[in-house]
Amino acid sequence: MIVHEEFDRDAVVEELEQVRLVFHHLLTAASRSDLRRGTAGTRWTNEQLLFHMLFGYIIVLALLRLVALFSRLPASASRGFARVLDTTIVPFNAVNYWGSCAGALVFNHDRMGAKLDRVIAKLQRHVLLATDRELSRGMHYPTSWDPFFGSYMTLAELYRYPTKHFEFHRRQLTFGSSVG
């Protein structure tokens, strides 16, 4: 068992809280025209990209369950699962794109902040309650799906994933120099 003594639960909780505050600042500072403007390096509008950034946190909640399952199976199970998912990169990219377009219609500018608040609160509770044994559990991931997925990640590493994803995409927002 790998013990994550270096894993600072309080630092991760604070990191999540800082993201929550930044996200709310982005939502508050963005005008309607900012939200409709295209982003730098993606096909999304700023509002769609904001939803995609939120979704990075939502997906971790689902991945917590998968880690719990796959970490109890032979490593070959999650390795095979990740390989299968890697072969679906073309449909994944379409679902990833269109899902964020649709998601921004449901959880639009007016509803995203509250959704992120609920998701961050759940993640913070999970982080604080996770045992060293749970933090050391892990699984293989489809590395073609996201540059921040490692081929194998522990739960401790997974808790840091969505903020890396968030910060990467934050640089693609085109709100202007006064926001961000």
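Here, each number is a calculation from the coordinates, and none is a lab measurement. From a predicted model like this one, the values you see are computed outputs, not experimental measurements. As a convention, Cβ positions derive from the backbone with ideal geometry for all residues, glycine included, and neighbour counts pool all protein chains shown.
Net charge dipole, the chain: roughly 600 debye, given to the nearest 20, about the Cα centre with Cβ charges of +1 for Lys and Arg and -1 for Asp and Glu.
Tell me whether segment 76-136 comes out rounded, prolate or oblate; compute the Cα gyration tensor, take square roots of the eigenvalues as a ≥ b ≥ c, and use a/c under 1.5 as the rounded threshold. Walk me through the numbers before you get to the answer.
Details: a/c = 5.87, a/b = 1.03, b/c = 5.70.
Cα axes put segment 76-136 in the oblate bin.
The mean sequence distance of close C-alpha pairs (under 8 Å, at least 6 residues apart), as a share of the length of the chain, puts its relative contact order at 40 percent.
With a ≥ b ≥ c the root eigenvalues of the C-alpha gyration tensor of segment 118-180, is it rounded (a/c under 1.5), prolate (a/b larger than b/c) or oblate? Note, shape of segment 118-180 comes out oblate. Remark: segment 96-152 carries a charge dipole of roughly 180 debye about the Cα centre, counting +1 on each Lys and Arg Cβ and -1 on each Asp and Glu Cβ.
Return one number: the angle in degrees, 0 to 90 and rounded to the nearest 10, between the long axis of the Cα atoms of helix 109-129 and the longest principal axis of the Cα atoms of the chain. In the chain, helix 109-129 runs at an angle near 20 degrees to the longest axis. Taking the longest Cα principal axis of the chain as reference, the axis of helix 75-86 is set at about 30 degrees. Would segment 10-117 count as rounded, prolate or oblate if I go by the C-alpha gyration tensor, calling it rounded below 1.5 in a/c and otherwise prolate when a/b exceeds b/c, oblate otherwise? Oblate is the answer for segment 10-117, as a/c is 1.5 or above yet b/c matches or exceeds a/b. Short to long, the 10 Å bins of the Cα pair-distance histogram for the chain hold 9, 36, 34, 18, 3, 0 percent of all pairs. Taking the chain as a Gaussian network of alpha-carbon nodes connected by springs under 10 Å, the highest mean-square fluctuation of the residues 93, 108, 46 belongs to 93. Any chance you could give the angle, 0 to 90 degrees and rounded to 10, that helix 46-70 forms with the longest Cα principal axis of the chain? Once rounded, the angle reads 10 degrees.
Under 5 Å from the amide H of residue 71 lies no amide H of any residue 5 or more positions distant or on a separate chain, with H modelled from the backbone and absent for Pro and chain starts.
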